[in-house]
Every structure is written in structure tokens, then in C-alpha cells.
Amino acid sequence: MFDLERLNIDADASFEDVNNLLYRLGVTDGLPVMPPTEARVAAMVGERNPSRAVATLPPMQGQATVRGLAICAVMAGCRPDEFNVLQAATAAVADPAFNLFGIQTTTGTVTPLLIVNGPVIQRLGLNTAANALGPGTRANATIGRALQFVLRTIGGAQPGRGDKATMGQPGKFTFCCAENALASPWEALHVWRGFAAEQSTVTVVGATGTVEVVDADSTEAEGVLATLAHSMPIAGNLGRGDLLGSGEPLLLVAPEHAKIIAQTHSRRQAQEFLFEHARLPVGALAPAQAERLREISVTELTVAPCPEDIMLVVLGGPGAKSTYVPTWGGGTRAVTRVVEAD
């Protein structure tokens, strides 16, 4: 694994030569990157101590220093104002509850999804509305991309080596969004998780992909909730015991769906409905899987151990289309960290 700290890019080198070098060193995602010259890296570091360790990242137990993060941020196209979100996200994925070692080395598709909350959203111009999971907004794209560089170049999860994913997923290029709190009938995700509304945070989720959930017909809460609930039990997302996934699934609820649900249901009531209805009988599984589960007295699979473990985040623009984000069955918990102000 290349030691990113030793990287020294000549400011006079051509864009093409720098990109060819970085590609050969295995520190890019295959797409062109911004050359991390000393001037750009220094501007990203700012007044911070460049040698300060932010986290230790598996599987190679690489030390993520401020300078190392800054190099990744520059390559990803981040602006200096976005650096603190990357720092917070790096600290979050290193939390033992997130199980980064498992996520970095599994043959599964899992990768961190970043959800930003608080005043930093407006300051950085993060997209919370239409196409919030797609292209078109610099901050969404570059922050998520920078974290992926950190995981590969510092953590050591190089595709085909540390990272053993059978197929991977597009989220391994970049996977970052910000909650549309202005369109939400409920408290914001970070407030629900115990933080103050005026704080800026980033929450990391071990996401295995996305599933579109369409319901343009229901006009009452239980209709929308039933569609959401029945879209969550995925037979191929077996976890441990009687769980599908890791037991902390994420629903990115479109504002139109959230408005309908909130007419009669609080967040807690919506979670309880989903918990009761998002279930899969063991008999719906392949015979070998069903037999294994029956041997440990499991007859029904649930998506979460309790209602409050179902995360509801309002996201997106117009349209009756929400998104289900299954979490990794190998075991992971969402982690939230405060984004510090400069």
C-alpha cells in the first residue's frame, strides 16, 4: 500500500502526468483527480496541525492524519470549507459500532452513506432536494468521494485486495446527501439522535444499495406506510438471528410521502407501523436457508430489533418516490459525529 504522506506532487507537472502517476500508485477511483500539490494541500489544512491523527482505519490500520485527509480532499475536488465534514465522517466510520473492518473487507456491496444535518448544509450548498442522491452538486459529490479515497488509500481497502467485494456498487465512488429538514414534518435526524438543532453533524450508515419505492396512489398514511413496509423485507439481505440486514434500516422518505404520513402519524407511530409490517416469513426463503433458520427456532424475519431502530430521513424533491436503503447484514450501526466549526 502506498504511503500517502510521502506524496509530493510537482506543481509544474502536467495534469495528465499527475493523474497517470496517481492511477499507477492506486490512489484514485479511476476517474481524473485534482493534482494534490503542496499549495493546494496546505490551503486545505489551513491552521490545523497537519500531523494530528484523526482516526485509525482498518483493514491496514492506517493513521488518518489531517494532512492525509487533506490530500484526499484535494484529489476529490473538495473546497477547504468542506474539510470539517470529511474529518467528522472519518471519525464516525472509525467508531467500533460502525464495524469498518467488516465493511472494508467483506465480499458484500456495503459502503458508507453520509447524511449531513444542520446549518452546514446551507453554508456548503449541499443538495437536499431533487436528485439529492445523484450528480450535479459539488459538495455532495466531493465530500463523499473524498471519504472513499480515505478508505482506500489510508485504510487500505484497495479493490481486489483489502476490499473483497464480489461486485461493489456505484456508492463506492461517492455516497453523500443532506436531509431536507425544511420539508420534514418531523425533527431532523441529528435532533432525533440526541444532538442540538443548531449543531452540524454527519451520520454514516453502512448501506448496501438503494431501492426505489413508488406509491403515487395512496392518500392516507397507512397506505404509504404499507408500501414502504412491504418494500423492506429483502430475502437476499439476511443478517444474524431473525434479522434482515443489520437491524437499523434507513428510509429516505420523499417530502410528498412524509406529508401524507404526518397527517395522522408521528415519527414513532410510523416506526411502529413499519416494524409490525416489514416482516418476511421464513417459508419465503430458499429451502436451505429456511431449514437453517428453523433449526434455531426462527419462523419470521424482521428488519429491526425495535421500532426506534428504523431510521426515517426526509430527502428529495417533488414526486411520490421514496428510497429504501438496506443496511449490511454483517453487522453495523449508524454513527453520528459533530462537524466542528473552523
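Just so you know, all these numbers are worked out from the coordinates, no wet-lab data involved. Everything numeric here is computed off the predicted structure, so don't read it as measured data. Backbone-built Cβ (ideal geometry, glycine too); neighbour counts: all protein chains shown.
Tell me the angle of helix 15-25 to the major Cα principal axis of the chain, expressed in degrees between 0 and 90 and rounded to the nearest ten. It is inclined by approximately 70 degrees.
A convex hull fitted around the alpha carbon atoms of the stretch 37-140 yields 127 Å³ per residue. What angle do you read, to the nearest 10 degrees and between 0 and 90, between the alpha-carbon axis of helix 221-231 and the longest principal axis of the chain? Taking the Cα atoms of the chain, the angle to 221-231 is about 70 degrees. Dipole magnitude for the chain: about 560 debye, using +1 per Lys or Arg Cβ and -1 per Asp or Glu Cβ, origin at the Cα centre. Measuring r between the beta carbons of A216 and D342 and using R0 = 41 Å, the FRET efficiency lands at 0.40. Here the mean projected area of the convex hull built on the C-alpha positions of the chain is 17.1 nm². When the chain is treated as a Gaussian network with alpha carbon springs shorter than 10 Å, the biggest mean-square fluctuation among R268, R292, R193 belongs to R292. Local charge for T105 was computed over the other residues whose Cβ lies under 15 Å away, with Lys and Arg +1 and Asp and Glu -1, and equals +3. Cross-link reach is defined here as a Cα-Cα straight distance under 13 Å, omitting same-chain residues fewer than 8 places apart; for K172 the aspartates and glutamates meeting it are D29, D163. Only lysines eight or more places from K321 in sequence, or on another chain, were considered; those with a Cα closer than 18 Å are K259.
Each Lys or Arg adds one and each Asp or Glu takes one away; over the other residues whose Cβ falls under 15 Å from the Cβ of G317, this sums to -1.
With θ taken as phi - 60° and the Karplus curve 6.51 cos²θ - 1.76 cosθ + 1.60 applied, the whole-hertz 3J(HN,Hα) list for the stretch 163-176 is 8, 9, 3, 4, 10, x, 7, x, x, 7, 7, 6, 8, 8 Hz, x standing for glycine and proline.
Label separation (R24 vs R138): 3.1 nm, computed from points 7 Å beyond Cα along the C-beta direction.
With q set to 0.18 Å⁻¹, the log10 of I(q)/I(0) for the stretch 166-255, from the Debye formula over equal scatterers at the Cα positions, is -1.11.
What percent antiparallel are the DSSP beta bridges of the chain, to the nearest 5?
75
Placing a label point 7 Å from the Cα of N49 along the Cα-to-Cβ direction, none of the residues of the stretch 71-100 has a backbone N under 12 Å of that point. Stretching R123 away from L31 to a fully extended chain increases their span by 30.4 nm, per 0.36 nm per residue minus the current alpha-carbon distance. Highest mobility in the GNM of the chain, judged by mean-square fluctuation with C-alpha springs under 10 Å and restricted to P112, P233, P305, is found for P305. Computed over Cα pairs, the Kirkwood radius of the stretch 243-342 leads via Stokes-Einstein (1.567 mPa s, 4 °C) to a diffusion coefficient of 84 µm² per second. Largest first, the extents of the alpha carbon coordinates of the stretch 121-220 on the three principal axes equal 48, 36, 27 Å.
For D215, the residues whose modelled amide H falls within less than 5 Å of its own, excluding neighbours fewer than 5 places apart on the same chain, are S322. Would you mind classifying the stretch 97-151 by shape? Square roots of the alpha carbon gyration tensor eigenvalues, ordered a ≥ b ≥ c; an a/c under 1.5 is rounded, otherwise it is prolate if a/b is larger than b/c and oblate if not. Because a/c hits 1.5 or more and a/b exceeds b/c, the stretch 97-151 counts as prolate. Close amide H contacts of A207 (hydrogens built in the peptide plane, cut-off under 5 Å, sequence separation of 5 or more or a different chain): T111, L113. Specify, per residue and in Å³, the volume enclosed by the convex hull of the alpha carbon atoms belonging to the stretch 1-93. Each residue corresponds to 94 Å³ of Cα convex hull volume.
Among the trypsin sites (Lys or Arg not before Pro) found in the stretch 1-110, those both in a DSSP coil and sparsely packed, with 14 or fewer other Cβ atoms within 10 Å of their Cβ, are R52. Label sites at A97 and D81, each approximated as a point 7 angstrom past Cα along Cα to Cβ, lie 3.1 nm apart.
Sorting H230, H265, H190, H277 by the number of Cβ atoms found within 10 Å of their own Cβ, with the fewest placed first, yields H230, H277, H265, H190.
From the largest down, the stretch 139-192 spans 44, 21, 18 angstrom on the principal axes of its Cα atoms.
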